[in-house]
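First the structure, in the form of structure tokens, and then the observations on it.
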Amino acid sequence: MHAGWQPERGSGRGPGELDVSNLCRRLRALRRAAGLSQRDLAARTGLNHNIVRVLELGRFRPMWATLDQLARALGRAVAALGVRMKP
């Protein structure tokens with residue numbers, strides 16, 4: 001497992017659960033709109049490019065800090081990634 005990642009069951013944020021159902025589509029769309037490859041985005045965040053790849057495929061749920069890194073690298077707020085806390 002990579003640093004910053006949890007299996008699909010957990011979010012790494014504590015007792016709340018992240019709803020990341022829209023994350024893979026939004027992340028890919030925002031990355032492409034910024035003209036970045038997965039490797040480019042990974043380099044901006046300090047993450048391995050495979051982490052960006054599996055996230056865009058919806059295979060893992062990131063920890064909140066990782067979402068923040070990705071959003072900042074894209075010049076956006078975390079909300080732009082389509083992530084919210086489940087009720």
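Each reported figure results from applying straightforward, stated rules to the coordinates on display, with no laboratory input. Just so we're clear, the structure is a prediction, and the values are computed from it rather than from any experiment. Don't worry about glycine lacking a Cβ; one is built from the backbone with ideal geometry, like all the others, and counts go over all protein chains shown.
Hey, how much of the P(r) for region 33-78 falls beyond 14 Å, as a percent of Cα pairs?
Summing the P(r) tail past 14 Å for region 33-78 gives 45 percent.
Dipole size in debye (nearest 20) for region 33-78 around its Cα centre, Lys and Arg Cβ +1, Asp and Glu Cβ -1?
Values: 7 positive and 3 negative charges, 11 e Å.
Dipole size: approximately 60 debye.
Whose amide H sits under 5 Å from the amide H of ARG61, counting only residues 5 or more places off or on another chain, with H placed in the peptide plane?
Counting only residues 5 or more places away or on other chains, the set is GLN6, GLU8.
Across region 65-73, in residue order, what do the Karplus-derived ³J(HN,Hα) couplings come to in whole Hz, using 6.51 cos²θ - 1.76 cosθ + 1.60 with θ = phi - 60° and x for Gly and Pro?
For region 65-73, the Karplus curve yields 4, 5, 4, 4, 4, 5, 4, 4, 5 Hz.
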